[in-house]
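The values are calculated or read from the model by the stated rules, or taken from the named source; none is laboratory data. Every value quoted in this text rests on a predicted model; they were computed, and no experiment measured them. Every residue, glycine as well, gets a Cβ built from its backbone with ideal geometry; the counts of neighbours run over all protein chains shown. Surface areas here come from the heavy atoms of the whole protein model, side chains and all, with no ligands, DNA or RNA. Shrake-Rupley method; radii C 1.70, N 1.55, O 1.52, S 1.80 Å.
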Amino acid sequence: MSGAQDSLEIKFRLIDGSDIGPKSFPAATSVATLKENILSQWPKDKENGPKTVKDVKIISAGKILENNRTVAECRSPLYDVPGGVTTMHVLVSQPPQEKEKKVADDPTINKCVCVIL
């Protein structure tokens, strides 16, 4: 039974409903390592894939997981069934749109200026 407690079977659900996994991870695995695994297994035919680990957010039991936490710390006793597969949701941060960048570089935007007479 201790072998089942030392690892967790996880599948990652992408925004379009497709899955990566399931795969077994040791309880000591960090969330950052999970994100690296997602990056390496990301389907090549999908558009708007993550470019770096910072672009990936993992949600489990309604909480966004922090990179420095481990799988064991993120376990939810309500949702984790021994021998079952835990589903974690994956979100990808998109780069800022071109329109937003142009607005920031536009010199005609009103700027606040203080003048003391």
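Listed values, structure above:
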read-out	value
Residue within segment 76-94 that is in a helix (DSSP H, G or I), surrounded by 14 or more Cβ atoms within 10 Å (Cβ to Cβ) and modelled with pLDDT under 90 present	no
Sole exception among (1) farther than 20 Å from residue 84 by Cβ; (2) at pLDDT 90 or above; (3) not in a helix (DSSP H, G or I) for residue 58, by number	(1)
Residues of segment 13-27 that turn out to be assigned to a loop (DSSP other than H, G, I, E, B), open to solvent by less than 40 Å² (accessible area, probe 1.4 Å) and not small (Gly, Ala, Ser), as a count	1
Positions within segment 26-59 being closer than 19 Å to residue 71 by Cα and β-branched (Val, Ile, Thr), in sequence order	29, 31, 33, 38, 53, 56, 58, 59
Failed criterion for residue 46 (all others in (1) over 14 Å from residue 90 (Cβ atoms); (2) charged (D, E, K, R); (3) exposed (fewer than 14 other Cβ atoms within 10 Å of the Cβ) hold)	(1)
